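Have a look at this one before I ask anything.
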C-alpha cells in the first residue's frame, strides 16, 4: 500500500475515478444517466451496495431537477441533512432547506399524540405552499406519515427522497413509498442516512450546474 500524492482540488475527482474502476472490476454496470448520482452516494458512504439498491421512479432525476429549478422547498427530517445540502447552490433557484424537527410546536404536538416529531414534521411540511421535495435520511416514521397522508387526506408529495437508515420499519416504509407510485428516489434495504439524503440532492444540483440536467 502506498500514499497517493494528490492535490486537494483533485481528491474528489480521483475518488470518482476509483469508484468507476472498482465498479468495473466487480462487473457492475450502472445506467449512464444515473451514474453521477449513484457514484456520489458511493463516494459519500464508501459502500458499493448503492450501485444495486437505489430505486428510481420513472424520470425521477429530471423531475427532481425541474422542481429544484422551479424553486422547490426541500424538507429534511434532520438538521444534519439540512446542513449537508448545498444551500448556496439551492438559493440560486429560489429554493431553501427547512427542517421542523426542533420546532417547539412540533415537539409539543408529537408528545400530545404519542407519535414521533418526524411524523408531525411531515404533516406540517405538507401545508407548505408551492412545490416541496422531502429528503428523508433518518426517520422511517416520516415516510409512513407521508404515506398515511396520501391514503387519508388525498395528499400527493411532489417528490420523495427516501433513504432512512435503521432496523425498525425502515424497509417496510421505503417499499410503501415505492408502491405508492409517487415520484421518488429510494434506497431499498436498511442502509441510508442523512448524509445520503443530502448527497442525492447535491448530486442533482451539481449536474444541473454542469448543464446536464
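Coordinate-derived values only; no laboratory data. The shown structure was predicted, so the numbers you read here are calculated from the model rather than taken from an experiment. Cβ placement follows ideal geometry from the backbone for every residue including glycine, while neighbour counts extend to all protein chains displayed.
How large is the helix-only mean residue ellipticity at 222 nm for the chain, computed as the sum of -39500 (n - 2.57) over DSSP H runs with n ≥ 4, divided by its residue count, in deg cm²/dmol to the nearest 500? Write out the running numbers ahead of the final one.
Working: 11 runs with 110 residues, N = 213.
So the helix-based figure for the chain works out to -15000 deg cm²/dmol.
Given the options 101, 80, 29, state which has the largest fluctuation in a GNM of the chain using a 10 Å cut-off (strictly under) for Cα springs.
Most flexible of the set in this elastic network: 29.
For a quick protection proxy, order the peptides 57-67, 199-209 by their average other-Cβ count within 10 Å, most packed first.
Top of the packing list down: 199-209, 57-67.
Could I ask something else about it? If you take every DSSP beta bridge whose two residues both sit in the chain, what share of them, in percent to the nearest 5, is antiparallel?
20 percent
Now for a different question. How tilted is helix 194-209 with respect to the longest principal axis of the chain? Cα atoms for both, answer in degrees (0 to 90, nearest 10).
For helix 194-209, the angle is close to 70 degrees.
What angle do you read, to the nearest 10 degrees and between 0 and 90, between the alpha-carbon axis of helix 170-180 and the longest principal axis of the chain?
For 170-180 against the chain, the angle is about 80 degrees.
Can you give me the angle between helix 11-25 and the longest principal axis of the chain, using Cα atoms only, in degrees from 0 to 90, rounded to the nearest 10?
80 degrees
Follow-up question, since we're still on this one. Where is the GNM fluctuation largest for the chain (alpha-carbon springs, 10 angstrom cutoff): 198, 153, 35?
Top of the fluctuation ranking is 153.
Now, a different point. By the gyration tensor of its Cα atoms, with a ≥ b ≥ c the square roots of the eigenvalues, what is the shape of the chain: rounded for a/c under 1.5, prolate for a/b over b/c, or oblate?
Prolate is the answer for the chain, as a/c is 1.5 or above and a/b outweighs b/c.
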